[in-house]
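A.B. asks: Structure incoming, see below.
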Amino acid sequence: MKAKRMIRLLDNADAAVLLLKQDKEQGSNLSFRDLPSPYRKQVLNWAINQDSEYLELESHRFQRLRDKRHQMILGHSGDRHHLQRTLLLKLLPELQKGGEPYNATASVLGPLLGWDNCVVAKRVSAKELDILGFWSHGNLKSPQHHSLAGNAAQNLYEGLHRLHQSAICREFPLDSMISQTPSALWIGHRIDLPDNHGTGHICAWGKPDLLDTDTSEWLIALAADTLGAWLLTQSSTGEKNYEHSTEPRDLLTSLPGRKTFDLALQHAVEAYKQRQQDCLIALVDIHGFSEINNTYGRQEGDNLLKRLADELLEMSRRKDQVFRFGGDEFMLLMPLTKGRPPVAKRLKAIESNLQENHPEFKLSYSMATLSDVNGSAEDLMLKIDQELNNFKHNYKLN
Ligand SMILES: Nc1nc2c(ncn2[C@@H]2O[C@H](COP(=O)(O)OP(=O)(O)OP(=O)(O)O)[C@@H](O)[C@H]2O)c(=O)[nH]1
């Protein structure tokens, strides 16, 4: 077939096509002619003067087919709008089906990326990963459990300011998944939820087949955000199934009481186990409150309890909860986002506010996080009780 007739046939193809005969341009289709002129020059220069199998330009990857005299150059577009649409149109129904979401993400993202391997992992503890989605050379593999130590993704979870990373596989000889392909490129992206940075990560390694590295990174980030958003909707609908307390609020302070605290702590423990959502619990007690009652009368004691309840609510963020645990004891439950909130400093400020009317007013307090006690509610209560006793004991000594 004559070159011109052939090229006319390819005019409506999405791929950009350029035909050369003995290094002379024979024709090109519309998609090729639509490319910016510097691109076209670069492609022509590569086709004539260079031998590499592929040429990657910002949004295209060019490949050549040749015999002794002819060359056909084919350019595939890594058009991001198209990729975004494809990812979302495939991934959302897959997630909706209700299967394992990490695996669903790997099953859609793997073929779309076209790298040899694509992993979607969940961090199950500070030191361990579950590889729940593993797409490798065209197949989905069974889940695996891995230690985070030595894993290429380890840096993504450390410090948490590094959302994205790329490296060469040989840099991670201890990572058994990628050590077989030492010269391959590895790229990874962390999955973040608003209250839980580092829920998991997505990575790909091997030879990029369809997309250039930039586009792959961008697509992985999009998949990570989509999966993160999905996990978030699941966890909030999950919370709707939680048992709610029917305990009436405390009449004096309007705060929820001890039974509600027990339930809230149970929920916090579940969130810690499922999503590694850590939480700080603080027990706050008025030091020598019976003395205050005796000196100023119970009415004044009541007023003080109300003031303290208001101050504790004021120092709390939207996600924190304050409970009247009983008598002059209050409990704070604070999901952790960026490290520990300065609870002791805030309690000192409350103390000095209330000392304006009652110079003898002092608070005793103790606190612990779920991660301090490996997620055990019982150990947490024991720890904060013990520490409160120590605190009070120290007051008496001073
Ligand atoms: N005004 C008032 N007092 C209360 C209320 N509930 C409990 N109390 C009093 O709070 C006091 C708590 O006593 P303790 O647990 O010994 O506490 P404390 O005197 O602060 O002693 P330490 O905590 O060891 O410093 C008791 O005197 C109770 O009668 C209330 O609703 N209003």
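A.B. asks: Filter the range 286-302 for residues that are closer than 17 Å to Lys396 by Cβ and surrounded by fewer than 14 Cβ atoms within 10 Å (Cβ to Cβ); which is nearest to the ligand (Cβ to nearest atom)?
C.D. replies: It comes out as Ser290.
A.B. asks: Would you pick out the residues in the range 161-192 that are of a type in the set (A, V, I, L, M, F, W, C), surrounded by fewer than 18 Cβ atoms within 10 Å (Cβ to Cβ) and under 30 Å from Ala271 (Cβ atoms)?
C.D. replies: Leu163
A.B. asks: Next question. Identify, please: which residue in the range 251-280 is open to solvent by 40 Å² or more (accessible area, probe 1.4 Å) and within 11 Å of the ligand (Cβ to nearest atom) and is, among those, modelled with the highest pLDDT?
C.D. replies: Leu252
A.B. asks: Exactly one condition in (1) in the same structural domain as Glu351 (by TED's automatic domain parsing); (2) in a helix (DSSP H, G or I); (3) out of contact with any helix residue (DSSP H, G or I) (no Cβ under 6 Å at 6 or more places or on another chain) is false for Pro256; which is it?
C.D. replies: Tallying (1) in the same structural domain as Glu351 (by TED's automatic domain parsing); (2) in a helix (DSSP H, G or I); (3) out of contact with any helix residue (DSSP H, G or I) (no Cβ under 6 Å at 6 or more places or on another chain), Pro256 fails exactly one: (2).
A.B. asks: Tell me the residue from Leu265, Leu222 that is in the same structural domain as Glu94 (by TED's automatic domain parsing) and out of contact with any strand residue (DSSP E or B) (no Cβ under 6 Å at 6 or more places or on another chain), please.
C.D. replies: Leu222
A.B. asks: If Ile202 meets every condition in (1) at pLDDT 85 or above; (2) part of a helix (DSSP H, G or I); (3) β-branched (Val, Ile, Thr) apart from one, which number is that one?
C.D. replies: All conditions pass for Ile202, except number (2).
A.B. asks: I'm trying to understand the selection: among the residues of the range 110-153, which are more than 27 Å from Gln277 (Cα to Cα) and either among the aromatic types (Phe, Trp, Tyr) or within 18 Å of the chain's Cα centre (by Cα) (or both)?
C.D. replies: Once the filter is applied, which keeps residues that are more than 27 Å from Gln277 (Cα to Cα) and either among the aromatic types (Phe, Trp, Tyr) or within 18 Å of the chain's Cα centre (by Cα) (or both), the range 110-153 yields Trp115, Trp135.
A.B. asks: Has the range 198-214 got any residue that is within 18 Å of the chain's Cα centre (by Cα), open to solvent by 40 Å² or more (accessible area, probe 1.4 Å) and under 27 Å from Lys319 (Cβ atoms)?
C.D. replies: The answer is no; no qualifying residue exists.
A.B. asks: Please state which one of Val43, Val120, Val124 is assigned to a helix (DSSP H, G or I) and among the β-branched types (Val, Ile, Thr).
C.D. replies: Criteria check complete, one pass: Val43.
A.B. asks: Residues Leu305, Leu283: which one is part of a strand (DSSP E or B), touching a residue at least 12 places away in the same chain (Cβ under 8 Å) and within 14 Å of the ligand (Cβ to nearest atom)?
C.D. replies: The conditions single out Leu283.
Yes/no per residue for (1) among the hydrophobic types (A, V, I, L, M, F, W, C); (2) within 16 Å of the ligand (Cβ to nearest atom); (3) under 21 Å from Ala264 (Cα atoms):
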residue: Leu312; (1), (2), (3): yes, yes, yes
residue: Lys319; (1), (2), (3): no, no, yes
residue: Phe323; (1), (2), (3): yes, yes, yes
residue: Asp328; (1), (2), (3): no, yes, yes
residue: Pro335; (1), (2), (3): no, no, yes
residue: Pro341; (1), (2), (3): no, no, yes
residue: Ser352; (1), (2), (3): no, no, no
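A.B. asks: How many residues, within the range 105-121, are open to solvent by less than 10 Å² (accessible area, probe 1.4 Å), touching a helix residue (DSSP H, G or I) at 6+ places or on another chain (Cβ under 6 Å) and among the hydrophobic types (A, V, I, L, M, F, W, C)?
C.D. replies: Final tally of qualifying residues: 4.
A.B. asks: Right, something else. Answer yes or no as to whether Ala377 is closer than 26 Å to Pro248 by Cβ and surrounded by 18 or more Cβ atoms within 10 Å (Cβ to Cβ).
C.D. replies: Spelling it out, it is not the case that Ala377 is closer than 26 Å to Pro248 by Cβ and surrounded by 18 or more Cβ atoms within 10 Å (Cβ to Cβ).
A.B. asks: Quick check on my filter: what residues within the range 56-94 are part of a loop (DSSP other than H, G, I, E, B) and either open to solvent by 90 Å² or more (accessible area, probe 1.4 Å) or free of Cβ contacts under 8 Å to residues at least 12 places away in the same chain (or both)?
C.D. replies: Answer for the range 56-94, where residues must be part of a loop (DSSP other than H, G, I, E, B) and either open to solvent by 90 Å² or more (accessible area, probe 1.4 Å) or free of Cβ contacts under 8 Å to residues at least 12 places away in the same chain (or both): Glu58, Asp67, Lys68, Arg69.
A.B. asks: Sticking with this structure for a sec: For the range 380-398, which residues satisfy the criterion of being out of contact with any helix residue (DSSP H, G or I) (no Cβ under 9 Å at 6 or more places or on another chain), away from the ligand (no atom under 11 Å from the Cβ) and open to solvent by 50 Å² or more (accessible area, probe 1.4 Å)?
C.D. replies: Hits for the range 380-398 are Asp385, Gln386, Glu387, Asn390, Asn394, Leu397, Asn398.
The values are calculated or read from the model by the stated rules, or taken from the named source; none is laboratory data. In this text, all values refer to a predicted model and were calculated from it rather than measured experimentally. Note that each Cβ is placed from the backbone with ideal geometry, even for glycine, and that neighbours are counted across all protein chains shown. Just so you know, the surface numbers come from the protein's heavy atoms only, side chains and all, with ligands and any DNA or RNA stripped out. Shrake-Rupley method; radii C 1.70, N 1.55, O 1.52, S 1.80 Å.
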